[in-house]
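Here is the structure we will look at.
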Amino acid sequence: GENVEQHPSTLSVQEGDSAVIKCTYSDSASNYFPWYKQELGKRPQLIIDIRSNVGEKKDQRIAVTLNKTAKHFSLHITETQPEDSAVYFCAALTGTASKLTFGTGTRLQVTL
Amino acid sequence: DSGVTQTPKHLITATGQRVTLRCSPRSGDLSVYWYQQSLDQGLQFLIQYYNGEERAKGNILERFSAQQFPDLHSELNLSSLELGDSALYFCASSVGSEQETQYFGPGTRLLVL
């Protein structure tokens, strides 16, 4: 089955700096890669996603890049703000199955 | 607000008991997914239903079962509860059954004492 590894597990940046979270996946058939943001005790909230026919996608301060050859995708947050502090999860979805396999999460802290 | 609703928000029960968690998908969504989130296991996929039929199964215990009703709401039944079943249980929904964006509900926090 699919296995998703996520790094780092914790990340602390100063307000205004950039943050990068990286994930690797094992199943080359995976073709959809969403990123979720989860605040303490709340639901995972989709922030951006990318499909395997695209190498990069951007939405304001958030971007995701995908390298299918390396089976690697990354989340980039620019000009970080305190409200970006949360746990971020990457996930991969394989083939015709719709079960998402999640990474272990990255706790991002944006300090003033 | 994702449009996915879950009840109850919190549930406290004892070992050996049985509980039912309920989920209503977003309007127009036909797929419902159940996930378990515990501190040591992260977010784990349990099961997916599409238009009333089971579509995919993950790490769901035999003590757990689910169903999706004609009105598309879903219920997750957890029986013979153990301390280790304490977790957040999320429901998500999507329009179709394959490669679809999934939107999560607010979750049910289950505490087994």
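The values are calculated or read from the model by the stated rules, or taken from the named source; none is laboratory data. Here the structure is a predicted model, which means the values were calculated and not measured. Counting neighbours? That spans all protein chains shown, and the Cβs are built from the backbone with ideal geometry, glycine included. Heads up: the accessible areas ignore ligands, DNA and RNA and are worked out on the full protein's heavy atoms, side chains in. Shrake-Rupley method; radii C 1.70, N 1.55, O 1.52, S 1.80 Å.
Here B:Leu61 meets the list (1) exposed (fewer than 15 other Cβ atoms within 10 Å of the Cβ); (2) within 14 Å of chain A (Cβ to nearest Cβ) almost entirely, failing just condition (2). Would you say A:Gly1 is open to solvent by 50 Å² or more (accessible area, probe 1.4 Å) and small (Gly, Ala, Ser)? So A:Gly1 fits the description; yes. When the criteria are applied in full, B:Arg22 meets the requirement of being under 20 Å from A:Pro44 (Cα atoms), away from every other protein chain (no Cβ under 11 Å) and within 10 Å of the chain's Cα centre (by Cα). Residues that are part of a strand (DSSP E or B), open to solvent by 10 Å² or more (accessible area, probe 1.4 Å) and either closer than 17 Å to A:Asp17 by Cα or of a type in the set (Lys, Arg) (or both) within the stretch A:64-85 comprise just one, A:His76. Can you report the number of residues in the stretch B:91-107 which are under 18 Å from B:Ile12 (Cβ atoms) and either of a type in the set (Gly, Ala, Ser) or open to solvent by less than 20 Å² (accessible area, probe 1.4 Å) (or both)? Count: 1. The sole residue among B:Leu88, B:Leu110, B:Leu83, B:Leu72 that is surrounded by 14 or more Cβ atoms within 10 Å (Cβ to Cβ), away from chain A (no Cβ under 14 Å) and not acidic (Asp, Glu) is B:Leu72. Within the stretch A:43-69, residues that are within 22 Å of A:Pro82 (Cα to Cα) and away from chain B (no Cβ under 11 Å) have Cβ atoms under 7 Å from residues that are open to solvent by less than 60 Å² (accessible area, probe 1.4 Å) and of a type in the set (Gly, Ala, Ser) in these pairs: A:Val64/A:Ser74, counting only partners at least 6 apart in sequence or on another chain. Listed conditions (1) closer than 28 Å to A:Glu15 by Cβ; (2) of a type outside the set (Asp, Glu); (3) within 14 Å of the chain's Cα centre (by Cα) are all met by A:Asn67, apart from (1). Applying the criterion of being without any contact (Cβ under 8 Å) to a residue 60 or more places away in the chain and under 19 Å from A:Pro34 (Cα atoms) to the residues of the stretch B:1-34, the residue that is least open to solvent (accessible area, probe 1.4 Å) is B:Trp34.
Inside the stretch A:97-112, residues that are more than 7 Å from chain B (Cβ to nearest Cβ) and surrounded by fewer than 20 Cβ atoms within 10 Å (Cβ to Cβ) make up a count of 4. Please return the ranges of strands (runs of 3 or more DSSP E) entirely within the stretch B:47-101 where 3 or more residues are without any contact (Cβ under 8 Å) to a residue 24 or more places away in the chain. Once the strands (runs of 3 or more DSSP E) in the stretch B:47-101 are filtered for at least 3 residues that are without any contact (Cβ under 8 Å) to a residue 24 or more places away in the chain, what remains is B:53-57, B:64-68.
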